[in-house]
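Engineer: A single structure is presented below for examination.
The values are calculated or read from the model by the stated rules, or taken from the named source; none is laboratory data. Keep in mind the model is a prediction, meaning the values are calculated, not measured. Cβ coordinates were reconstructed from backbone atoms using ideal geometry, including for glycine residues, and neighbour counts include every protein chain displayed. To get the accessible areas, we keep the full protein, side chains included, count just its heavy atoms, and leave off ligands, DNA and RNA. Shrake-Rupley method; radii C 1.70, N 1.55, O 1.52, S 1.80 Å.
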Number of protein chains: 2
Amino acid sequence: MSDDAPVTAAVIVIGNEILSGRTQDTNLKFLGERLHALGIRLMEARVVRDTETAIVEAVNACRAAYDYVFTTGGIGPTHDDITARCVAKAFGVPVERNAEAERRLLAQYDPKDVNEARLSMADMPVGASLIDNPVSVAPGFRIANVFVMAGVPAIARAMFEGLAHELAGGAPVSSRTIASELAEGALAEGLGALQERYPTLEIGSYPYFRLGRFGVSVVLRGTEEEMLDKAADALRDLIRGLGAEPIEQETD
Amino acid sequence: MSDDAPVTAAVIVIGNEILSGRTQDTNLKFLGERLHALGIRLMEARVVRDTETAIVEAVNACRAAYDYVFTTGGIGPTHDDITARCVAKAFGVPVERNAEAERRLLAQYDPKDVNEARLSMADMPVGASLIDNPVSVAPGFRIANVFVMAGVPAIARAMFEGLAHELAGGAPVSSRTIASELAEGALAEGLGALQERYPTLEIGSYPYFRLGRFGVSVVLRGTEEEMLDKAADALRDLIRGLGAEPIEQETD
């Protein structure tokens, strides 16, 4: 909304354990925050099962629609780690053992612990370049606009920080967050008018219940600092006009 | 994998605040667990922005592909709460003010607090039936196989528990979870063989790092208790054969 041609991205979270509720995903929030800080707009996320059809479809839909695609999960050594061959299939290229990835894995393991399952982590689509893994060595990879990362959060984060310099960011988006103990329904009309007055800002309202009190946080986002300040002032006036106090919150 | 015709579902999480990283979604994990317990297989989840195109596309893709679709978010009173009219658009039906929903809202508010924004929460697709909201009154709704719920986790949970009796579950899926302090790469070959021996089970392996120790949890899922017990025994033997101790974990 706030850019003419924002740089866009999608996240694909791969893994049955997220869909069965066994594991709470935290990679999406991390990537959302980091991409936002880089001025890249995360347009959607998909959580898919560990099946070839699901992964190939999601990768192909997202890589066609967005500037960047980030996947997490499914790059370990076991039978359910099928991300690399699915991404290869999505691109219509064969899988090959990446010599540099294999070298890193061989350097990492005691020779008696080297086995085919572990070395299979070096199998990647032809044309892939490595994403470093400073935590547990086995690398991720990039092919075209798709970045394939581990699912373990500590590893996903380390991989992302290592690849972030490769991303072309858009105009960084700033925000102002102002809360109040008003009900959302009391604020709604005024907020709607504020959005009409500042159509290039993205105005979101998020009700909360904390420490026994209800309230609503309003987040203003945009690329122009001066416009954000003006809209934030108008929002403070709106809140005061409804008999409440604006509560300034940390901008995320 | 374990049923011939499992009952399937998708979750659509609606809201810019999830994609910007501002808010950690927890509804997906909750719904994944509850659907799993009801024998319904959650096949995918999508997180989409508060835009008509994104919501309509996701709803139409998922309602055609799966038995049930659950959406969370975007049903409040503010300008960015557009889920109801987008779901109506997806179904090609008009929006109308639901008389029973309006009655509940009017009963809830002090007359001086009634305004058009609040009453707009009673606007729903023609043909929708209400989903009760025991937390904050404003109801969700069901239209055909799509269940539209609030985003606030406490409300989403209460709404789901109220509608769960309407869902036709499949065969309940049981699981066994056995961990060990082996590396995933040491287990991989044996696990692959176990999966081949029990093709109707779903075998997932999830490395962890907790309390300074690395390990891997293996989850076996299926609908046949006896087969699960046999496969779990074989897994314990595999772990012992690799020189480690099986660690029994709570089944989720």
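Engineer: Could you list, ordered by first residue, the pairs with Cβ atoms under 6 Å in which the first is in the stretch A:135-148 and farther than 16 Å from A:Leu106 by Cα and the second is among the small types (Gly, Ala, Ser) and part of a loop (DSSP other than H, G, I, E, B), at least 6 apart or interchain?
Structural biologist: Sorted first by the residue in the stretch A:135-148, then by its partner, the pairs are A:Phe141/A:Ala128; A:Ile143/A:Gly127; A:Ile143/A:Ala128.
Engineer: A:Thr72 is checked against (1) under 11 Å from the mean Cα position of the chain (by Cα); (2) facing chain B (nearest Cβ under 10 Å); (3) farther than 12 Å from B:Ala45 by Cα; (4) crowded, with 24+ Cβ neighbours inside 10 Å and fails just one. What number does that condition carry?
Structural biologist: A:Thr72 satisfies every listed condition except (2).
Engineer: Does B:Val11 fit the bill of being part of a helix (DSSP H, G or I), touching a strand residue (DSSP E or B) at 6+ places or on another chain (Cβ under 8 Å) and either modelled with pLDDT of 95 or more or surrounded by fewer than 22 Cβ atoms within 10 Å (Cβ to Cβ) (or both)?
Structural biologist: Details: part of a helix (DSSP H, G or I): no; touching a strand residue (DSSP E or B) at 6+ places or on another chain (Cβ under 8 Å): yes; either modelled with pLDDT of 95 or more or surrounded by fewer than 22 Cβ atoms within 10 Å (Cβ to Cβ) (or both): yes.
It is false that B:Val11 is part of a helix (DSSP H, G or I), touching a strand residue (DSSP E or B) at 6+ places or on another chain (Cβ under 8 Å) and either modelled with pLDDT of 95 or more or surrounded by fewer than 22 Cβ atoms within 10 Å (Cβ to Cβ) (or both).
Engineer: Please work out which residue is farthest from the other protein chains (Cβ to nearest Cβ), limiting yourself to the stretch A:19-55 and to residues that are assigned to a helix (DSSP H, G or I) and among the charged types (D, E, K, R).
Structural biologist: Residues of the stretch A:19-55 that are assigned to a helix (DSSP H, G or I), as a first pass: A:19, A:27-37, A:52-55.
Checking the rest, the ones that are also among the charged types (D, E, K, R) come to A:29, A:33-34, A:52.
Working: A:Lys29: 5, A:Glu33: 3, A:Arg34: 7, A:Glu52: 13 Å.
Per the stated criteria, the residue is A:Glu52.
Engineer: Among the listed residues B:Ala9, B:Ala88, which satisfies the condition of being over 30 Å from A:Ile40 (Cβ atoms) and at the interface with chain A (Cβ under 10 Å from one of its Cβ atoms)? Before the answer, list the steps.
Structural biologist: Working: B:Ala88 fails: at the interface with chain A (Cβ under 10 Å from one of its Cβ atoms).
Testing whether each residue is over 30 Å from A:Ile40 (Cβ atoms) and at the interface with chain A (Cβ under 10 Å from one of its Cβ atoms) leaves just B:Ala9.
Quick grid of which residues meet (1) closer than 30 Å to A:Asp80 by Cα; (2) more than 9 Å from chain A (Cβ to nearest Cβ):
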site	(1), (2)
B:Arg97	no, yes
B:Asp113	no, no
B:Asn133	no, yes
B:Ala150	no, yes
B:Leu187	yes, no
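Residues checked against (1) open to solvent by 40 Å² or more (accessible area, probe 1.4 Å); (2) away from chain B (no Cβ under 13 Å); (3) assigned to a loop (DSSP other than H, G, I, E, B); (4) under 20 Å from A:Val13 (Cβ atoms):
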| site | (1), (2), (3), (4) |
| --- | --- |
| A:His79 | yes, no, yes, yes |
| A:Ala84 | no, yes, no, yes |
| A:Glu100 | yes, yes, no, no |
| A:Arg118 | no, no, no, no |
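Engineer: A follow-up question, please. How do the strands (runs of 3 or more DSSP E) wholly within the stretch A:136-200 filter down when requiring 3 or more residues that are open to solvent by less than 20 Å² (accessible area, probe 1.4 Å) and within 26 Å of A:Gly222 (Cβ to Cβ): which remain?
Structural biologist: Numbers: elements: A:140-143, A:146-149, A:174-180.
Output list reads A:174-180.
Engineer: In addition: What is the residue count in the stretch A:204-218 for residues that are surrounded by 19 or more Cβ atoms within 10 Å (Cβ to Cβ) and touching an Asp or Glu at 6+ places or on another chain (Cβ under 7 Å)?
Structural biologist: Residues in the stretch A:204-218 being surrounded by 19 or more Cβ atoms within 10 Å (Cβ to Cβ) and touching an Asp or Glu at 6+ places or on another chain (Cβ under 7 Å): 5 in total.
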